[in-house]
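Peer 1: The following block contains the structure, expressed as structure tokens.
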């Protein structure tokens, strides 16, 4: 049975960041993914925003790793000349009733060490003349980047240090053994199976992580998986805004916000649509959701040309809290948590997982040392 020092399940942004960290430290690393390309699920279907670390409870993994990851990510992108822009964002209250929620966001940001500037409605509109709001918070460190270029860079650095990538490969079975772990992998195009062993096993399978963990023989209990779909619409043509615009948060997400890509085009979303995690997700965007999007956007941009909104794409949030539960923190189960040497399992790595990816990787690898 061929042996690797580390096997990483999942070639999304977090799996690749962890594989890179492990490979740079030395030792053999295998990355496996069911998809036919890297980052083809959650990592490639998002707003491509570099988050500041504003919304999360003080001391939470989301707060700590987002702030650390943000700084690591900006430095990483700059050092490699990868496309990104620190454009800033406005979080807006569109009427007086929302202003207490805006104040709560400001308190959460301050507790996380994130500096925001409070603006009156007039001051915010002076920055973005098409905007409607009664008050706003300006986050100068929020940005956007090319997540696909980032994924490719992580993979290139991991493989340059000896990591091996196996796409279209399923991990059908895993077992805790005295010396580490035994896995049975299956080549999806041909159906051939192979047995492998490893000393360290990292479950970074995104929304598939709870299912993989639950099927591991001798492994610790896994949380329940939940899944929320988020659809996006876009407007063809140039941008009316130069900054991102976010409403106050809503249950399950951050509301239908306005983001920009690096070419200056505007897109809107995601909304929140809870799915049955036992069924394959349908990632088509329902065009009939346009009216709902237009109404939400019009609260902060009254001039939105609603008839020109076009379906863009949809993504998935791999959640471990349900529609009526408080939002869960990242859950990273390490040997210090479950007592199994060499095992790391990551659950509920939704936003801000992309921003936090380098900090997540460092946290996991340190916890496996």
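The values are calculated or read from the model by the stated rules, or taken from the named source; none is laboratory data. Note that the structure is a prediction, hence the values are computed from the model and not measured. Here the Cβ is made from the backbone with ideal geometry for all residues, glycine too, and neighbour counts use every protein chain on show.
Peer 1: Checking residue 358 against (1) surrounded by 20 or more Cβ atoms within 10 Å (Cβ to Cβ); (2) in a loop (DSSP other than H, G, I, E, B): exactly one of these is not met. Which one?
Peer 2: Evaluating residue 358 over (1) surrounded by 20 or more Cβ atoms within 10 Å (Cβ to Cβ); (2) in a loop (DSSP other than H, G, I, E, B) leaves (2) as the failure.
Peer 1: For segment 338-355, which residues satisfy the criterion of being within 15 Å of residue 17 (Cα to Cα) and in a helix (DSSP H, G or I)?
Peer 2: 353, 354, 355 - these are the residues of segment 338-355 that are within 15 Å of residue 17 (Cα to Cα) and in a helix (DSSP H, G or I).
Each row is one residue, and each column tells you yes or no for (1) surrounded by 15 or more Cβ atoms within 10 Å (Cβ to Cβ); (2) part of a strand (DSSP E or B).
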| position | (1), (2) |
| --- | --- |
| 157 | yes, no |
| 162 | no, no |
| 219 | yes, no |
| 223 | yes, no |
| 228 | yes, yes |
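Peer 1: What residue, of 209, 213, 174, is in contact with a helix residue (DSSP H, G or I) (Cβ under 8 Å, 6 or more places away or on another chain), under 17 Å from residue 346 (Cβ atoms), in contact (Cβ under 8 Å) with a residue 24 or more places away in the chain and not assigned by TED's automatic domain parsing to the domain that holds residue 304? Quick ask: steps written out before the conclusion?
Peer 2: On the way: 209 fails: in contact with a helix residue (DSSP H, G or I) (Cβ under 8 Å, 6 or more places away or on another chain); 213 fails: in contact with a helix residue (DSSP H, G or I) (Cβ under 8 Å, 6 or more places away or on another chain).
Answer to the selection: 174.
Peer 1: Could you grab me the full set of residues in segment 259-281 that are touching a residue at least 40 places away in the same chain (Cβ under 8 Å), closer than 28 Å to residue 150 by Cα and in a loop (DSSP other than H, G, I, E, B)?
Peer 2: 261, 262, 270, 271, 272, 281
Peer 1: Follow-up question, since we're still on this one. What number of residues within segment 111-139 satisfy the criterion of being more than 21 Å from residue 50 (Cβ to Cβ) and in a loop (DSSP other than H, G, I, E, B)?
Peer 2: 6
Peer 1: Right, here's the next one. Looking at 48, 128 in this structure, which one is under 30 Å from residue 365 (Cβ atoms) and either buried (at least 19 other Cβ atoms within 10 Å of the Cβ) or outside the structural domain of residue 249 (by TED's automatic domain parsing) (or both)?
Peer 2: None of the others qualify; the one that does is 48.
Peer 1: Does residue 302 fit the bill of being out of contact with any strand residue (DSSP E or B) (no Cβ under 9 Å at 6 or more places or on another chain) and farther than 20 Å from residue 214 by Cα?
Peer 2: Yes, satisfied.
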